[in-house]
1. All but one of (1) open to solvent by less than 20 Å² (accessible area, probe 1.4 Å); (2) at pLDDT 90 or above hold for Arg409, so report the exception by its number.
2. Quick one: what pairs do we get from the stretch 348-368, first residue closer than 17 Å to Gly336 by Cβ, second of a type in the set (S, T, N, Q) and in a loop (DSSP other than H, G, I, E, B), C-beta under 7 Å, 6+ apart or different chains?
3. What number goes with the only condition from (1) open to solvent by 50 Å² or more (accessible area, probe 1.4 Å); (2) touching a residue at least 24 places away in the same chain (Cβ under 8 Å) that Ala127 does not pass?
4. Which residue pairs have Cβ atoms closer than 7 Å, lie 6 or more positions apart in sequence or on different chains, and pair a first residue in the stretch 243-255 that is touching a residue at least 40 places away in the same chain (Cβ under 8 Å) with a second residue that is assigned to a helix (DSSP H, G or I)?
5. Restricting to the stretch 102-124, name every residue that is of a type in the set (A, V, I, L, M, F, W, C) and exposed (fewer than 14 other Cβ atoms within 10 Å of the Cβ).
6. On the given criteria, is Asp314 without any contact (Cβ under 8 Å) to a residue 60 or more places away in the chain and in contact with a Pro (Cβ under 7 Å, 6 or more places away or on another chain)?
7. Just need a number here: residues in the stretch 207-263 that are closer than 24 Å to Val399 by Cα and part of a loop (DSSP other than H, G, I, E, B).
8. Has the stretch 228-250 got any residue that is closer than 20 Å to Glu323 by Cβ and surrounded by 15 or more Cβ atoms within 10 Å (Cβ to Cβ)?
Amino acid sequence: MALDAPSHSAMTVFAPWPDRLRHAAIILLAAALALAGLVLLDELLPLRALAVFLCIAGAALVPWRLHGAVAKREEERLASPVESPAVSALVDGIPDPAVLLDRAGRVIHLNAAAAQLAPALRKGELAQFALRTPEIITALREAIATTEIRRASYHDHVPVDRWMELIITPVPVPTAFGSADKCMLMTFRDLTPLRRVEEMRADFVANASHELRTPLAALSGFIDTLQGPAKDDPKARERFLGIMHAQATRMARLIDDLLSLSRVELSAHVRPDTLVDVVPIIRQVTDGLEPLARERQVVIETSLPETPVTIAGDREELLRVFENLIENALKYGASGGRVIVSLEQAVSAENAPEIRVKVRDFGPGIAPEHLPRLTERFYRVDVGDSRAQGGTGLGLALVKHILNRHRGRLLIESVPRNGASFTACFPQSRPQRGS
């Protein structure tokens, strides 16, 4: 068996011959016809014609792999070095959005992060046509003209507020002739988290100093009273300690809301991508607020589907949204005796499918002049009533920022003496089962 099998070396030698015959078939056929014609016209002897044909066949069947390799090397030598896979792999490996440009500002390579940041960028096209921010265009033109490093910071408003820093770095790419091809590497750095932290610190100091001043002053006054005139008065001591406990609880809630609002603002530019079912979240919130509803003598009615309704969201933040909306309805709409929580699938004004969670109360309602400002920080329709209810003035502001992070929106409708409805709208992530 081993003797009959052809050896590996013999197969290697004879393997290319069928391919060579196929590629040389036209040449050999043309040569054979021409020589046959000359023989028929008595212009050439048959033996000489055969000798010429053999020479042509030998030349045509000479291994042309060498010639192909030479041509390939010549092709690689003449090709632009910045078009090589190695350069492309380096650009793709940069974690930040990165774009490699030629000396004229045309896009040579861009990584996935850059394509997501600026979808209008195209290979072979001028970057300044796709990046229309004035700061970027100015920095790019200066970098092209001076071949020096340029930096630019800009504020992007769409789809959410983002602060970015652009760095344009000249990159000399060596060529096969010993020189260098001048290119430019554009990298984008997201400064949004840093700006959010700075704003969070400034807002926290301003808001905390403003809102904490009143309860702190009350606590200080009661402490002075307990240490002085009411030192030996048990009834006054019990009453003042109860008020002090309420003020301390209010401060704790205020600080908790401020921290929650700051955390949401810090990540406002990052949209949640985890799919969550909102139906059990709403049921959990309504069950948890049942004691408050009994205390206020309010009945919570729910109209929720039996099938899952999934959206892309953060579970803890969604809990906070529904908790704030339903708790507000129980506190400020308690006179109506009932609160309706419903969920429906609808279509937005842009003809996009969305999920709507509506909280409706039948209380005194809200005057029209207050509606546009309800989601402002510390804005209250009735300051005394809000503080008496334990409100911090941050609940609806927190709801608005969480919905913005989820690319949603808040609809507020109210008629005085006929209740109010607050609707949280979320973009639908995928077709729902059972719909």
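1. Unmet for Arg409, out of (1) open to solvent by less than 20 Å² (accessible area, probe 1.4 Å); (2) at pLDDT 90 or above: (1).
2. Every condition considered, the pairs that remain are Gly365/Asn418.
3. Of everything listed in (1) open to solvent by 50 Å² or more (accessible area, probe 1.4 Å); (2) touching a residue at least 24 places away in the same chain (Cβ under 8 Å), Ala127 misses just condition (1).
4. From the stretch 243-255, the pairs are Arg250/Pro215; Leu254/Glu211.
5. Across the stretch 102-124, the qualifying residues are Ala104, Ala112, Ala120.
6. no
7. 1
8. Checking the stretch 228-250: at least one residue is closer than 20 Å to Glu323 by Cβ and surrounded by 15 or more Cβ atoms within 10 Å (Cβ to Cβ).
The values are calculated or read from the model by the stated rules, or taken from the named source; none is laboratory data. Everything numeric here is computed off the predicted structure, so don't read it as measured data. As a convention, Cβ positions derive from the backbone with ideal geometry for all residues, glycine included, and neighbour counts pool all protein chains shown. Just so you know, the surface numbers come from the protein's heavy atoms only, side chains and all, with ligands and any DNA or RNA stripped out. Shrake-Rupley method; radii C 1.70, N 1.55, O 1.52, S 1.80 Å.
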